[in-house]
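For reference, the structure discussed in these notes is given below.
The values are calculated or read from the model by the stated rules, or taken from the named source; none is laboratory data. Computed from a prediction, not measured in an experiment: that's the story for all the values here. Using ideal geometry, Cβ is built from the backbone for each residue, glycine included, and neighbour counts are taken over all protein chains shown. Calculation scope for accessible area: heavy atoms of the full protein, side chains included, ligands and nucleic acids excluded. Shrake-Rupley method; radii C 1.70, N 1.55, O 1.52, S 1.80 Å.
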Amino acid sequence: MNTEFDVVVLGSGAAGLVAAVAAADSGASVGLFEKADLVGGTTALSGGTTWIPANPHQPGGEDSRADALAYLESLSHGLIDPGLAAALVDTGPAFIEWVERATPVRFHVVTGMPDYHPEHPGGKPGGGRSLDPALFRFGELGKWADRVVMPDRIPRLTLTEAPLGGGTGIAAPPDRATRKAEDWRGCGHALVGGLLKALLDRGIEPVTSARATGLLREDSGRTRRVAGVRLEMAGSARTTEVTARRGVIIATGGFEWDPDLVRAFLRGPMTSPASVPPNTGDGLRMAMEAGAALANMREAWWVPTVEIPGDEAFGRQRARLVLRERTLPRSIMVNRQGRRFCDEAANYNALGGAFHQFDPGSFDYANLPCWLVFDQGYLRRYGFLTVPPGGTAPGWLHRAGSVEDLAGLIGIPARALRDTVTRWNAHVEAGRDPDFRRGDSAYDGWNGDRDRYPGHGATLGPLTEPPFYAVPVHSGTLGTKGGPRTDADARVFGLDGAPIDGLYAAGNVMAGVTGMVYGGAGGTLGPAMVFGYRAGRHAAGRRAP
């Protein structure tokens, strides 16, 4: 194994793969090292959607730099650095043009998919900023086709074809057979596959099962620079040192799987991570040891999740993202008092704030635990997670013949739940939800009943048909988004306010450039790849356009 490169990249998710390809295309020799035995990280589990304002695939004139910056500013709450926001918006279009020229990745707009806060200044109710990668044929990866993270099911659809992207979720039969026979994959696998192919085409093979444990630093008078990394290689009792002549790019993901870091930094409970278990904060610790200044540490890409007993991924309890399920008609979410507490159809990241509402009287979190409640009409028409429409309710769903009996099963006040359901049904009859304005936003119904979209009917529906069901909902995350502060080229700042020479960060390991905001579908991957691109070019000695 080569132990000396111009640029060393740690991590093989989208940020790391882009950084490695960008550095190589800028003339650098590159080594990429991955802690896990498979590549792709949480990106491989994702929908692969990429949020890029004013991207070249948008219809002309429907977006602008001014709109994008106004949108982020309207949601900032003082947590977004204007310079980093400008770098994201200004670099995004050039990044898309480069990645489609330099790699097999091809994007198209998820038609009609709104931003997550489309009514804010600069928001796009009609969509255009969320891009979906086209299918990629994994046979082009050779031996690496089986080396991408894959918990159980290979995605054969693009997000656009799936219900979450406005599609039916079914490919035509001949196409379906071809996709399986030729190993065409969509979503996060398509994105990882295309980026990995570009890396392999440049003669760069990721080194897996290589955990970075520390940075190498060298002193030169008053200057200290990061000069490489120490690695623990699987099957070896010795530490390997790898030299980086120009820079180390940390793209190791967040810290959501480390309970100590979660308790130390996150603003509220997070018990159900929905990412890959190797995300234990290795990059964060290395940056801290190097004297990095930190920012955005309380924030994560929050998601509500459901945990099905016996359902595992990576040898652990699986957390399933609850998105469409809580948006569909004939469902509500209630807290331990039996009361609704939010717009259930709001974007998943924003719901983190509802989960973290603190009650000073009880000195506890008011809305945890909480339950998703629905009726037989819901289950018959839509199914639920692993249950197909019209399927039999499994034992892990709480079930009762009346709302009051259901309340008794889940330990909440029966009268309160009955009153909540009665009030909800009256709102549905009136066609509006004055309590939490569910359905008012163009986003709310997007993941609901497509036969009734657009309009409030896509998400509003009565709970009237017994039996009634409930399932506990947990506070989860797709990844944390706090870490070392960086400049526009992803250079890590030290505590003295100056960049640490030779150290870069991109993706969920860096302080999130959008603060507490999830701009739209792909709001994680868009910034991750843009700043991976900028990091790779700068570390190799070139500036991003």
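Can you run down the residue pairs with Cβ atoms below 6 Å, 6 or more apart or on separate chains, where the first is in region 199-211 and in contact (Cβ under 8 Å) with a residue 12 or more places away in the chain and the partner is open to solvent by 40 Å² or more (accessible area, probe 1.4 Å)?
From region 199-211, the pairs are 208/37; 209/37; 209/234; 211/35; 211/232.
Within region 225-239, count every residue that is open to solvent by 20 Å² or more (accessible area, probe 1.4 Å) and modelled with pLDDT of 95 or more.
2
Does region 403-441 hold any residues that are in a loop (DSSP other than H, G, I, E, B) and surrounded by 15 or more Cβ atoms within 10 Å (Cβ to Cβ), and which are they?
The answer is 412, 413, 433, 435, 436, 438, 439, 440, 441.
Please verify whether residue 331 is of a type in the set (S, T, N, Q) and in contact with a helix residue (DSSP H, G or I) (Cβ under 8 Å, 6 or more places away or on another chain), treating the condition exactly as stated.
yes
Could you run through region 457-484 and say how many residues are assigned to a loop (DSSP other than H, G, I, E, B) and more than 20 Å from the chain's Cα centre (by Cα)?
Count: 9.
Filter region 501-537 down to residues that are open to solvent by less than 10 Å² (accessible area, probe 1.4 Å), assigned to a helix (DSSP H, G or I) and touching a strand residue (DSSP E or B) at 6+ places or on another chain (Cβ under 6 Å), then give me how many there are.
Looking only at that region, the number is 3.
Would you please list the contacts, defined by Cβ atoms under 6 Å and residues six or more apart or on different chains, that run from a residue in region 381-410 that is β-branched (Val, Ile, Thr) to a residue that is open to solvent by less than 70 Å² (accessible area, probe 1.4 Å)?
403/417; 403/421; 403/468; 410/371; 410/398; 410/470
Only strands (runs of 3 or more DSSP E) wholly contained in region 283-392 count here; list those with 3 or more residues that are of a type in the set (A, V, I, L, M) and farther than 22 Å from residue 428 by Cβ.
Those strands (runs of 3 or more DSSP E) span 300-306.
Considering only residues that are of a type in the set (Asp, Glu) and either more than 22 Å from residue 74 (Cβ to Cβ) or surrounded by fewer than 24 Cβ atoms within 10 Å (Cβ to Cβ) (or both), which ones fall in region 100-119?
100, 119
Report, by residue number, each residue of region 29-41 that is surrounded by fewer than 24 Cβ atoms within 10 Å (Cβ to Cβ) and either under 21 Å from residue 230 (Cβ atoms) or of a type in the set (Ser, Thr, Tyr) (or both).
29, 36, 37
Using the structure shown, decide if residue 543 is modelled with pLDDT under 95, within 23 Å of residue 163 (Cβ to Cβ) and open to solvent by 10 Å² or more (accessible area, probe 1.4 Å).
Here the answer is no, as residue 543 does not meet what is asked.
Read through the list (1) touching a strand residue (DSSP E or B) at 6+ places or on another chain (Cβ under 8 Å); (2) free of Cβ contacts under 8 Å to residues at least 24 places away in the same chain, then give the number of the only condition that residue 498 fails.
Unmet for residue 498, out of (1) touching a strand residue (DSSP E or B) at 6+ places or on another chain (Cβ under 8 Å); (2) free of Cβ contacts under 8 Å to residues at least 24 places away in the same chain: (1).
When region 45-67 is examined, which residues are found to be open to solvent by less than 20 Å² (accessible area, probe 1.4 Å) and either closer than 19 Å to residue 350 by Cα or touching a His at 6+ places or on another chain (Cβ under 6 Å) (or both)?
Those that are open to solvent by less than 20 Å² (accessible area, probe 1.4 Å) and either closer than 19 Å to residue 350 by Cα or touching a His at 6+ places or on another chain (Cβ under 6 Å) (or both): 49, 50, 51.
Among the residues of region 376-395, which ones are open to solvent by 30 Å² or more (accessible area, probe 1.4 Å), closer than 19 Å to residue 464 by Cα and touching a strand residue (DSSP E or B) at 6+ places or on another chain (Cβ under 9 Å)?
Residue satisfying the conditions is 376 alone.
Quick one: which of 128, 166 is buried (at least 20 other Cβ atoms within 10 Å of the Cβ), more than 18 Å from the chain's Cα centre (by Cα), closer than 17 Å to residue 443 by Cβ and touching a residue at least 24 places away in the same chain (Cβ under 8 Å)?
Criteria check complete, one pass: 128.
Look at residue 121 and say whether it is over 23 Å from residue 166 (Cβ atoms), assigned to a loop (DSSP other than H, G, I, E, B) and out of contact with any Gly (no Cβ under 9 Å at 6 or more places or on another chain).
yes
Quick check on my filter: what residues within region 442-451 are in a loop (DSSP other than H, G, I, E, B) and closer than 16 Å to residue 328 by Cβ?
443, 444, 445, 446, 447, 448, 449
Can you find, within region 244-257, the residue that is surrounded by the fewest Cβ atoms within 10 Å (Cβ to Cβ) among those that are part of a loop (DSSP other than H, G, I, E, B) and touching an Asp or Glu at 6+ places or on another chain (Cβ under 9 Å)?
So the residue we want is 255.
Looking at (1) surrounded by 19 or more Cβ atoms within 10 Å (Cβ to Cβ); (2) over 18 Å from the mean Cα position of the chain (by Cα); (3) not in a loop (DSSP other than H, G, I, E, B), which is the one condition that is false for residue 174?
(1)
Go through region 71-99 and report how many residues are among the aliphatic types (A, V, I, L, M) and surrounded by fewer than 21 Cβ atoms within 10 Å (Cβ to Cβ).
Adding up the residues that qualify gives 3.
Quick check: is even one residue across region 13-28 open to solvent by 30 Å² or more (accessible area, probe 1.4 Å), in contact with a Cys (Cβ under 9 Å, 6 or more places away or on another chain), of a type outside the set (Phe, Trp, Tyr) and modelled with pLDDT of 95 or more?
no
Rundown of residues vs (1) open to solvent by 10 Å² or more (accessible area, probe 1.4 Å); (2) more than 23 Å from residue 40 (Cβ to Cβ), yes/no style:
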residue: 281; (1), (2): no, no
residue: 287; (1), (2): no, no
residue: 291; (1), (2): yes, yes
residue: 304; (1), (2): no, yes
residue: 311; (1), (2): yes, no
residue: 314; (1), (2): yes, no
residue: 320; (1), (2): yes, no
residue: 335; (1), (2): yes, yes
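Sort through 186, 247 and tell me the only one that's at pLDDT 95 or above and touching a strand residue (DSSP E or B) at 6+ places or on another chain (Cβ under 6 Å).
So the residue among 186, 247 that is at pLDDT 95 or above and touching a strand residue (DSSP E or B) at 6+ places or on another chain (Cβ under 6 Å) is 247.
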